[in-house]
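Report on the following structure.
Values in this text are rule-based calculations from the coordinates and carry no lab data. All of these numbers come straight from a predicted model, not from anything done at the bench.
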């Protein structure tokens, strides 16, 4: 049943994946960078979103991953706009603005997720 299960199972897993993606990964990473001068937030984002992509493809379908990534960017955008009142925040990421960095990091974060999707596809083909 796991991996190739019923439509209800796939819907439940897909919903869970979307909900987990609703965490503002890029904002969290940028905030860790700004507050602690630490790149660990970016590493955490890459690991978690890659795992979500892998398990999302393995147990559900691609649409939950796409929707989740879009929601994560939207929620990150909201929190970044809330931080724009802090003048130091706006200048910290020079030469990019925080919004430009949001777009750049979100796009770059798709690359490891793509590799995770390929790995999940290979795993699914091997099982068949």
Next item on the list: At 0.36 nm per residue, minus the direct Cα-Cα distance, what do residue 62 and residue 44 gain on full extension? Give it in nm, one decimal, please.
Entry: 4.3 nm
Margin query: Please check: in the Gaussian network model of the chain (C-alpha springs, under 10 Å), which one of 77, 115, 54 has the largest mean-square fluctuation.
Written below: 115
Item checked: Space enclosed by the convex hull of the alpha-carbon atoms of the chain, per residue, Å³ -> 89
Item checked: the chain, helix-only ellipticity at 222 nm - DSSP H runs n ≥ 4, -39,500 (n - 2.57), divided by all residues, nearest 500 -> -27500 deg cm²/dmol
